[in-house]
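Chemist: Encoded as structure tokens, here's the structure I'll be asking about.
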Amino acid sequence: MSWLARGAGPQATTATKAHNMKFAAAAVLLLALASVASARPVGLRTLLDAKKEPIYCTGADHAEDECPEHYECAALDKKVCKQVQDCTTDKYGKETCTYKEQCWEYECVEVPKYCEVTYAGEDECVTKYGKDLKCEKLKKKECVYEKECEYVDTDKCKEYEYERKCIEVPTKICLKYNQVQKCEKDRQVCKEYKQERKCEQGKCTKYDAYGGCTAYGQADCKYVDTDKCKVYETVKGKCVYVNGACKEYKKEEKCNDVKKGCKVYEQEEVCKDVEVCWTAKCVEVPKKFGYNAGK
């Protein structure tokens with residue numbers, strides 16, 4: 001039996017019945033309010049909840065990641081400290097919690113949402129941020145500094161451009177040789193040999209009864225060369241032309257890719273603060289009782 005039904009039986013008193021009716025009405029009202037809240041856009045509920053409970057941040061370079069959408073990390077006027085629960089779990093799964101003081105010097109604050117008032121078409125605040133905002137003209141323009149960044153080339157090259165260059169280089173194959181004269185050594189040859197007198201017996205002029213020669217005619221004598229040299233002369237050795245050092249080698253083409261220049265440079269982000277001025281700002285639409293974001 002539910003808490004709405006308890007005390008509503010035959011034994012209930014009139015006062016009890018009246019109390020239960022009031023309690024039930026209050027419960028219905030709470031359920032209606034809960035349904036209205038749940039009908040709001042999730043992003044807007046996050047922002048509204050953030051207003052109730054401060055969200056602190058570290059103020060580091062990437063502190064914007066710690067804040068909800070449309071919020072930024074800003075320095076507090078003074079440091080805020082509070083006790084926070086610090087829990088650890090042992091290897092058996094048992095959790096032990098203690099309290100320790102934690103302090104913050106930065107808080108997530110809502111970034112102003114500027115717009116341009118237009119008299120035709122949809123409201124810029126509605127299209128960008130949701131139906132709970134509207135674009136309202138400011139009494140005087142407000143200016144803010146926005147970071148404007150661009151990527152520019154550095155002096156470091158990321159990718160080079162190459163061109164093909166070819167040269168002729170000699171091989172080991174010779175096409176022409178230098179001709180050199182190669183001569184035999186000069187030698188000594190005999191020009192005139194020593195001579196000696198040699199005589200041959202003359203013809204038989206007289207024979208005996210038995211046919212033997214008993215008298216000879218005059219001997220035939222002459223001078224002939226011996227093997228002993230009397231006069232020498234120098235004879236120059238024979239000379240011929242032979243291949244010497246190589247005069248011309250066969251050539252072949254050798255090609256390489258050489259850097260022509262930088263094709264793509266490494267880039268770096270360069271940012272500067274630029275003043276931007278606005279004439280209107282997104283403000284919350286006044287809430288009415290029974291507001292339903294779906295309508």
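The values are calculated or read from the model by the stated rules, or taken from the named source; none is laboratory data. Treat the numbers as computed from the prediction; the structure is a model and nothing was measured. Here Cβ is always computed from backbone atoms with ideal geometry, including for glycine, and neighbour counts include all displayed protein chains. The protein model used for the area step is the full one, side chains on, heavy atoms only, and it has no ligands, DNA or RNA in it. Shrake-Rupley method; radii C 1.70, N 1.55, O 1.52, S 1.80 Å.
Chemist: Can you tell me how much longer the chain between Q83 and V264 gets when fully stretched, taken as 0.36 nm per residue apart minus their C-alpha distance, in nm with one decimal? It would help to have the intermediate numbers written out before the result.
Modeler: On the way: separation 181, 0.36 × 181 = 65.16 nm, distance 5.47 nm.
Going from the current span to full extension adds 59.7 nm.
Chemist: With the crude spin-label approximation of a point 7 Å out along Cα→Cβ, what separation in nm comes out for T234 versus K91?
Modeler: Placing both labels 7 Å along Cα→Cβ, they lie 11.0 nm apart.
Chemist: Would you mind checking the pairs K158/K251; K113/K156; K82/K131; K156/K250; K194/K236 and listing those with alpha carbons more than 32 angstrom apart?
Modeler: Flagged as over cut-off: K158/K251; K113/K156; K82/K131; K156/K250.
Chemist: Report the full-extension gain for the segment Y216 to I167: residue separation times 0.36 nm, less the Cα-Cα distance, to one decimal in nm.
Modeler: Numbers: separation 49, 0.36 × 49 = 17.64 nm, distance 9.74 nm.
Length gained, Y216 through I167: 7.9 nm.
Chemist: Filter K139/K272; K78/K128; K176/K259 down to the pairs with a C-alpha to C-alpha distance above 30 Å, please. If you can, show how the numbers build up before the last one.
Modeler: On the way: K139/K272 28 Å; K78/K128 34 Å; K176/K259 37 Å.
As for pairs spanning more than 30 Å Cα to Cα, those are K78/K128; K176/K259.
Chemist: Can you work out the accessible area per residue across segment 149-295, with the rest of the protein chains kept in place, probe 1.4 Å, in square angstrom? Each step should come with its number before you reach the end.
Modeler: Details: 13040 Å² over 147 residues.
Solvent-accessible surface per residue comes out at 89 Å².
Chemist: Amide H to amide H, which residues 5 or more places from L76 or on other chains are under 5 Å from it, using H placed in the peptide plane?
Modeler: Y106, E107
Chemist: If you plug each phi of segment 201-218 into the Karplus form 6.51 cos²θ - 1.76 cosθ + 1.60 with θ = phi - 60°, what whole-Hz ³J(HN,Hα) values come out, in order, with x for Gly and Pro?
Modeler: In residue order, the calculated couplings are 4, x, 6, 6, 10, 8, 10, 8, 5, 9, x, x, 6, 10, 8, 10, x, 4 Hz.
Chemist: Continuing with the same structure: Please list, ordered by chain and number, the residues whose modelled amide H lies under 5 Å from the amide H of K113; skip anything fewer than 5 residues away on the same chain.
Modeler: Result for K113 returns C282.
Chemist: Which whole-angstrom value gives the distance between the alpha carbon centres of segment 130-183 and segment 208-229?
Modeler: For segment 130-183 versus segment 208-229, the Cα centre distance is 115 Å.
Chemist: With each pseudo-label sitting 7 Å past Cα toward Cβ, what's the K287-C199 distance in nm, one decimal?
Modeler: Taking the simple label geometry, K287 and C199 are separated by 17.2 nm.
Chemist: Still on this model: Let me know the Rg and Dmax you get for segment 76-164 when you use only its Cα atoms, in Å.
Modeler: 26.1, 72
Chemist: I want to make sure I understand the PRE zone here: with the label point 7 angstrom from the Cα of E66 toward its beta carbon, which residues in segment 100-123 have backbone N atoms less than 12 Å away?
Modeler: Output list for this probe position: 103-109.
Chemist: Provide, as a two-decimal number, the C-alpha radius of gyration of segment 183-230 over 2.2 N^0.38 Å, N being how many residues it has.
Modeler: So the Cα radius of gyration is 2.13 times the expected 2.2 N^0.38 Å.
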